Amino acid sequence: MLVFTRKRDEVIVIGDGIRVQVLRVGHDQVRLGVSAPLTVPVHRLEVYEQIEAENRRAASGPGAARSIPPALAERLRRPLPAGKGDA
Amino acid sequence: MTTTMPQSAGPAAVAPSNDSLPLHADDVIQFPAGIPGFELCQRFVLLAMDGLMPLRCLQSVEGPPASFLVVDPGLLAPGYSVPLSSADRARLGAAPEDPILWLVIVTIDAEERAFANLRAPLVINPAAMRGCQIVSAEARYPLRSPLVTAGD
């Protein structure tokens, strides 16, 4: 890991086109601004990893339909119960 | 009886959903950053599956082979609404008036229970054929929302 000490408003450049700027320094947190191309995802680590793990659980190789158990496939042919999605 | 996908990702008309936004299966949707865990999967097609509507299949056609069961979140959570950030809107090349297609990924676990990831939806802009997954700390919806179980 490369370690830098930066003051407010200072910038770190990563690769070609990624910039990280220190916007505000607080007692126990720092506000960072990140500029990056649209092809580069930029996210909080813990949130990204949580979604990454869920996507990996969801993925099938080619042909997702082959992974559906027959009984579940039969059940899915009936209307889905709406409203089960509330947190 | 098991329903199987066609062996090739050949063209098959996709029944419209989300207010009749037509997408033909042989049209490729660009995901510029892939999706978390599948960053190299940047080109997908959206396929209908015989008899399994409303579920569809989002299949990677470039990079690692991967496919995902997806469904319209509006069918699972009435009034479903997740904010689209300006960064994601730029990623989609979407003007404010462009209609957006929302889909959520469905996981089936070892016990044959199906869950939908309502927290991190896929967002597609049909006008530009671009998509992305929303990654946000906002936890308004569950990461694993039960769909149905085979015993329902």
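A full extension of the chain between A:Ala71 and A:Val30 corresponds to an added length of 9.6 nm, given 0.36 nm per residue minus the alpha carbon distance. Across segment A:1-58, C-alpha contacts under 8 Å between residues 6 or more apart give a mean separation that, scaled by the residue count, equals a relative contact order of 20 percent. The listed peptides B:125-136, B:107-118, A:40-51, ordered by packing as a protection proxy, come out as B:125-136, B:107-118, A:40-51 (highest mean of other Cβ atoms within 10 Å first).
Close amide H pairs (under 5 Å, H built 1.01 Å from N) link B:Val148 with B:Ala114, residues at least 5 positions away or on another chain.
Neighbouring Cβ atoms from other chains, within 10 Å of the Cβ of residues in B:117-127, number 2 on average. Given a Förster distance of 35 Å, report the FRET efficiency between B:Ala137 and B:Ala110 from their Cβ-Cβ distance, rounded to the nearest 0.05. The pair B:Ala137/B:Ala110 has a calculated efficiency of 0.75.
Note on B:Ala90 and A:Val42: the model spin-label points, each 7 Å out from Cα along the C-beta direction, lie 0.8 nm apart. The HN-Hα couplings worked out from phi for segment A:34-40 by the Karplus form 6.51 cos²θ - 1.76 cosθ + 1.60 (θ = phi - 60°) are 10, 10, 8, x, 4, 6, 9 Hz, whole numbers, x standing for Gly and Pro.
The DSSP beta bridges internal to segment B:29-149 are antiparallel in roughly 95% of cases.
Backbone amide hydrogens, once placed in the peptide plane, bring B:Val61 within less than 5 Å of B:Arg43, B:Phe44, B:Val45, excluding anything fewer than 5 places away on its chain. Across segment B:32-151, the convex hull enclosing all Cα atoms gives 122 Å³ per residue.
Coordinate-derived values only; no laboratory data. Predicted model, so just to flag it, every value in this text is computed and none were measured. Every residue, glycine among them, receives a Cβ derived from its backbone with ideal geometry; neighbour counts consider all protein chains shown.
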